[in-house]
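**Q** Sending over a structure as structure tokens; questions will come in a sec.
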Amino acid sequence: MIQQSDPTGLHRVLDDFRVLPQAARRLDTRPELWPDEVRIRVERLNLDAASFRQLEQQHEGDGGAVRDAVLGIVADRGKMQNPVTGSGGMLIGTVEEVGPESPLGLKVGQRVATLVSLTLTPLVITDGLADWDGRSEQVPCAGYAVLFGRSIAAVLPDDLPTGLSLAVMDVCGAPALTSRVVSQYVDRGSAPRVAVIGGGGKSGSLALAAARAAGAGRLVGVVPTEREAASLEGAGLADAVVVTDARDPIALRDSVAAAGGPADVTVVCVDVPGCEGGAVLSTADGGTVIFFSMATSFSAAALGAEGVAADVTMLVGNGYVPGHAALALDLLRTDAGVRRLFEERLA
């Protein structure tokens, strides 16, 4: 041991300046554990949507080039953190070793999903991603990763396919925070109108289901294409589904208004930049905007709201709410529409 470990992972940071692992340029990936760490034998990564889209567009759909880019990032940084989007994803694997002082409650041999970002997780890939074609967010992978004392992981459920569990756990913070915010409105005697921008995606569909379960009054799902609209309508997760380009603030505002808005709660779950202004304009005075997209510019959101004199509360979804994994998995089990959308996406 070269220094005392820290539960946040500071001891793994190789930068000259003292920063947390997520902000670090490079992490120490040695397999030997500090006392409060856990090593995971990795079997699959799940790249976050914004990161995968950026890599796919940058390399014009060339799967081999995308694969090489991911390998290069991990080799260079000791973690998977897209240098353009700043985002990463999460992984599943099997617990290989548990340090004697680990507080995570994990046991050797358990199959788990990490519920912390790959942007702060020491990661080594050993198979060159030979089984991945570079064309999907889910990445078959051999290697290992290290969890810190303040990391989060959940044991994979036995009743769900691995790929389905991974897809759900990747975005489980969105429905949990949506549920909390909607419940606060309900506790005050209101059945809030909720608009989910990107309602046909993974986090968006779960956010719609969570809002309904928490007591939302009217649900509006915003999607970019007629194909996504048909899928979302078939799932029955929204009272109204509108097709519009969320990067056009006036079109988004008018579409949500025509569908029963403005919204009391607007949830942004898209993986493209430029949707901040429309989300603010789609929200009623005194309402709440939850930004659950790594493509969000928070300066654009703040300055944009100020520029149109919008009295809205803006929340950054940080991906962690106590009990978030269990809530998301329960929604998948109990809501046939959510499960249908996830299975269609994986297929």
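**Q** Taking the structure as given and computing log10 I(q)/I(0) by the Debye sum over Cα atoms at q = 0.08, 0.11, 0.14, 0.16 Å⁻¹, which label from [x] -0.38, -0.72, -1.12, -1.37; [y] -0.34, -0.67, -1.13, -1.51; [z] -0.48, -0.82, -1.15, -1.36 fits?
**A** Computed from the coordinates, log10 I(q)/I(0) by the Debye sum over Cα atoms at q = 0.08, 0.11, 0.14, 0.16 Å⁻¹ corresponds to [x].
**Q** Follow-up. GNM, the chain, Cα, under 10 Å: largest mean-square fluctuation among R111, R18, R188?
**A** Taking springs between Cα atoms under 10 Å, the residue moving most is R188.
**Q** What does the net charge come to around V289 if you take all other residues with beta carbon closer than 14 Å to its beta carbon, with K and R at +1 and D and E at -1?
**A** Residues near V289 contribute -3 overall.
**Q** At most 16 other Cβ atoms within 10 Å plus a DSSP loop assignment makes a site exposed; report the longest stretch of the chain without any exposed chymotrypsin sites (Phe, Trp or Tyr not before Pro).
**A** No qualifying site falls inside 18-319, the longest such stretch.
**Q** For the stretch 5-61 and the stretch 227-260, compute the distance between their C-alpha centroids and round to whole Å.
**A** So the separation of the two Cα centres works out to 36 Å.
**Q** For the stretch 1-91, which GluC sites (Glu not before Pro) pass both filters: DSSP loop (anything but H, G, I, E, B) and at most 11 other C-beta atoms within 10 Å?
**A** When the GluC sites (Glu not before Pro) of the stretch 1-91 are filtered for loop state and at most 11 Cβ neighbours within 10 Å, E32, E60 remain.
**Q** Quick one: dipole size for the stretch 10-156, taken about the Cα centre, charges +1 on Lys/Arg Cβ and -1 on Asp/Glu Cβ, in debye to the nearest 20.
**A** 320 debye
**Q** Can you give the helix-only mean residue ellipticity at 222 nm for the chain, where every DSSP H stretch with n ≥ 4 adds -39500 (n - 2.57) and the sum goes over all residues, rounded to the nearest 500 deg cm²/dmol?
**A** Rounded to the nearest 500, it is -10500 deg cm²/dmol.
**Q** So what's the gap between the Cα centers of the stretch 300-347 and the stretch 123-178, to the nearest angstrom?
**A** Answer, in whole Å: 18.
**Q** Take every Cα pair under 8 Å in the chain that's 6+ residues apart, average their separations, divide by the length, and report that relative contact order as a whole percent.
**A** Averaging sequence separation for qualifying contacts and normalising by length gives 15 percent for the chain.
None of the figures in this text is laboratory data; all of them are computed from the coordinates on show. Quick caveat, the model's predicted, so the values are computed rather than measured. Virtual Cβ from ideal backbone geometry, glycine too; neighbours counted across all protein chains shown.
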